[in-house]
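The values are calculated or read from the model by the stated rules, or taken from the named source; none is laboratory data. Just so we're clear, the structure is a prediction, and the values are computed from it rather than from any experiment. Because the Cβ atoms are built from the backbone with ideal geometry, glycine has one as well, and the counts that use them run over all protein chains shown.
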Amino acid sequence: MKQAITLRKELMQETKERLKTSINEETMLIQMYQTVRELEHTINNLMIKLKNWFSCYLPEIYTTKTQQEALDIILSDSIEESKQKLNLKDSIGTINRTGYEQTIKFAKSIQTLIKTKELIEEQIEETTTKIAPSICNEISGKTLAQLLTKVGTIKRLANMPSSAIQLLGAEKALFRHLQNNRNNPPKYGLLAGEVQAKTPKERAKKTKQLSAKVTLAARKDYYGTNKT
């Protein structure tokens, strides 16, 4: 009985040690990227709600083209200043100011979320440059984080053929092709966002070339640092 208790304690301790070492920079990078994606989705939805709400006072807010432009106008010192920024002499919005102060507080909350997202994005760039400098010479830190959410680790990325890396992010299209040959097979995935091309054919060619470079860079980053 004592041996069983001792063995249990040893196994529990070993499990704890493994859990401690299982959380590495790659794991944290994936968590940061997923958080950014959630924040982007949340911010977009909240901005729609904010513009709908603020349009009661100033319908012309819909003429803004970016989130930051809309926030700058909404967070003006007064509704009159907001009109000036939109080059308006008058507005068809209501003169009723019920809830106006709450709208401003809501806008400030969204602005805080945007700043938080930007800080996490900066951390992603710093972390990716640290753990995979060669890959980051070929693609952005954000794209590398996207790739890692698909494969998990730099080691797995380094052991993948370039053709597989080329199609990362196009799994649904590939599955549709395998189910029905009438659907064309995908020729590029996430890496397509890193290249500039005028036609799909040119994009596929450039993505293929880039995936080969990423493969070599991943092997350099992983095996070149004496990892096992």
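Summary table
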{"item": "From THR98, THR149, THR128, residue being within 30 Å of SER55 (Cβ to Cβ) and among the β-branched types (Val, Ile, Thr)", "result": "THR98"}
{"item": "Qualifying position, being buried (at least 17 other Cβ atoms within 10 Å of the Cβ) and more than 30 Å from THR207 (Cβ to Cβ), among ILE131, ILE139, ILE74, ILE135", "result": "ILE74"}
{"item": "Residue under evaluation ASN181, criteria (1) out of contact with any Ser or Thr (no Cβ under 9 Å at 6 or more places or on another chain); (2) on the phi > 0 side of the Ramachandran plot, criterion not met", "result": "(2)"}
{"item": "Residues of the stretch 167-187 satisfying the condition of being within 24 Å of GLU26 (Cβ to Cβ) and buried (at least 16 other Cβ atoms within 10 Å of the Cβ)", "result": "LEU167, LEU168, GLY169, ALA170"}
{"item": "Residue within the stretch 99-113 that is outside any helix (DSSP H, G or I) and not hydroxyl-bearing (Ser, Thr, Tyr) present", "result": "yes"}
{"item": "Of residues in the stretch 181-228 being farther than 15 Å from SER134 by Cβ, of a type in the set (S, T, N, Q) and in a loop (DSSP other than H, G, I, E, B), the one farthest from the chain's Cα centre (by Cα)", "result": "ASN181"}
{"item": "Among residues of the stretch 144-166, those that are surrounded by fewer than 20 Cβ atoms within 10 Å (Cβ to Cβ) and either in contact with a Phe, Trp or Tyr (Cβ under 9 Å, 6 or more places away or on another chain) or more than 13 Å from ALA212 (Cβ to Cβ) (or both), counted", "result": "8"}
{"item": "Qualifying residue in the stretch 90-113 (condition: under 17 Å from the mean Cα position of the chain (by Cα), outside the structural domain of ASP221 (by TED's automatic domain parsing) and either surrounded by fewer than 18 Cβ atoms within 10 Å (Cβ to Cβ) or under 30 Å from LEU58 (Cα atoms) (or both))", "result": "yes"}
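For (1) in contact with a Leu (Cβ under 9 Å, 6 or more places away or on another chain); (2) free of Cβ contacts under 8 Å to residues at least 40 places away in the same chain, each residue gets a yes or a no:
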| site | (1), (2) |
| --- | --- |
| GLU101 | no, yes |
| ILE104 | yes, yes |
| GLU118 | no, yes |
| ILE124 | yes, no |
